[in-house]
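Notes to accompany the following structure.
The values are calculated or read from the model by the stated rules, or taken from the named source; none is laboratory data. Quantities reported herein were computed from a predicted structural model and do not represent experimental measurements. Cβ sites come from the backbone with ideal geometry, for glycine too, and all protein chains shown count toward neighbours. Ligands, DNA and RNA are stripped out before the accessible areas are found, and what is left, the full protein with its side chains, is counted by its heavy atoms. Shrake-Rupley method; radii C 1.70, N 1.55, O 1.52, S 1.80 Å.
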Amino acid sequence: MRNTFSDSNQIGVVSTFSELVHTDFKGEMNALCWYRNLDGDFNDIVARLCIKENITEVYPEDLIALQLSEKGNIAREIILNDLQLLADFGASPSLNLLKCYERDDEFDFISTDVYSFHVDRSPIATDTFLCTYHGAASDIISNSQAEQKILIPEIRAKLKELYDGPSEDFENFLKENYFDLHYHAHTDVEPVNLGLGHLWRLAVDHPKQQVLPCIHRAPIENEGEYRLLLIC
């Protein structure tokens, strides 16, 4: 598979975990990819795990308990190593077996679920790490390819109708309800799919961030297929 991620000014491509965590975001670059072609049968792991609800967290001991093929064992070692690398770095990774995320259908004019293009926000300096081992993978777009939904006049007008407090607190209302985190992609934009096996670091909106946060979305799941996703 050819590495196409380096064609984008938004994406930096690295070849080690150390580079992934120690490379600074700068300019338009707000996504870093540890590009990998992983060996191993991740489907073997997914097929042997038991999903208890739409999102089931899988712990290292759950992986270790599985009876796997040789290729499945290789996949397990990769996942365990990724979890350990991130934990040693100080992150709190979780491995999720996903059927689907909860949908937000409260309002017909704005969606605030993870299937909508959005950015992550944190009160402290942090980044989002993710890797899809199996199933559909997430998408990102550059900040120039999207507009905050709260800045679209018709959406903003409906949000003002929804709000019943003093006008000076309207912006706080948008933040408190996460409306400001969601984006509308421009017409004809082709998102970059993050692919399988690559470990990504995405910029988050926080007080010390030097770049714009990375706009991303969860994919629509493939029919009858679970996703296996590392995220923190």
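Numbers for the structure displayed
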quantity: Pair list, Cβ under 6 Å, 6 or more apart: the stretch 25-38 residue touching a residue at least 60 places away in the same chain (Cβ under 8 Å), other residue among the aromatic types (Phe, Trp, Tyr) and in a strand (DSSP E or B); calculated: 33/200
quantity: Residue in the stretch 39-55 that is in contact (Cβ under 8 Å) with a residue 60 or more places away in the chain, assigned to a loop (DSSP other than H, G, I, E, B) and of a type in the set (S, T, N, Q) present; calculated: no
quantity: Tabulated pairs, the stretch 202-224, first modelled with pLDDT of 95 or more and outside any loop (DSSP other than H, G, I, E, B), second basic (Lys, Arg) and open to solvent by 50 Å² or more (accessible area, probe 1.4 Å), C-beta under 8 angstrom, 6+ apart or interchain; calculated: 205/121
quantity: Breaking point among (1) over 28 Å from residue 114 (Cβ atoms); (2) open to solvent by less than 100 Å² (accessible area, probe 1.4 Å), for residue 64; calculated: (2)
quantity: Residue count, the stretch 116-134 (criterion: in a loop (DSSP other than H, G, I, E, B), open to solvent by less than 50 Å² (accessible area, probe 1.4 Å) and not hydroxyl-bearing (Ser, Thr, Tyr)); calculated: 3
quantity: Among the residues listed as 201, 217, the single one being charged (D, E, K, R) and open to solvent by less than 30 Å² (accessible area, probe 1.4 Å); calculated: 201
quantity: Whichever residue in the stretch 75-95 is over 16 Å from residue 40 (Cβ atoms) and in contact with a Pro (Cβ under 8 Å, 6 or more places away or on another chain) and, among such residues, is surrounded by the most Cβ atoms within 10 Å (Cβ to Cβ); calculated: 86
quantity: Hits in the stretch 17-48 (condition: open to solvent by 60 Å² or more (accessible area, probe 1.4 Å) and not aliphatic (A, V, I, L, M)); calculated: 18, 19, 22, 24, 26, 27, 28, 37, 39, 43, 48
quantity: The one condition in (1) touching a residue at least 60 places away in the same chain (Cβ under 8 Å); (2) surrounded by 16 or more Cβ atoms within 10 Å (Cβ to Cβ); (3) more than 23 Å from residue 22 (Cβ to Cβ) that residue 72 fails to fulfil; calculated: (1)
quantity: Any hit, the stretch 107-115, residues being under 28 Å from residue 78 (Cβ atoms), in a loop (DSSP other than H, G, I, E, B) and not β-branched (Val, Ile, Thr); calculated: yes
quantity: So residue 187, is it among the β-branched types (Val, Ile, Thr) and in contact (Cβ under 8 Å) with a residue 40 or more places away in the chain; calculated: no
quantity: The stretch 135-156, subset crowded, with 18+ Cβ neighbours inside 10 Å and hydroxyl-bearing (Ser, Thr, Tyr), residue nearest to the chain's Cα centre (by Cα); calculated: 138
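Yes/no per residue for (1) in contact (Cβ under 8 Å) with a residue 60 or more places away in the chain; (2) under 16 Å from residue 218 (Cβ atoms):
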residue: 134; (1), (2): yes, yes
residue: 142; (1), (2): yes, no
residue: 169; (1), (2): no, no
residue: 178; (1), (2): yes, yes
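Residue by residue, here is whether (1) hydroxyl-bearing (Ser, Thr, Tyr); (2) open to solvent by 60 Å² or more (accessible area, probe 1.4 Å); (3) closer than 30 Å to residue 95 by Cβ holds:
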position: 160; (1), (2), (3): no, yes, no
position: 163; (1), (2), (3): yes, no, no
position: 166; (1), (2), (3): no, yes, no
position: 173; (1), (2), (3): no, no, no
position: 187; (1), (2), (3): yes, yes, no
position: 195; (1), (2), (3): no, no, yes
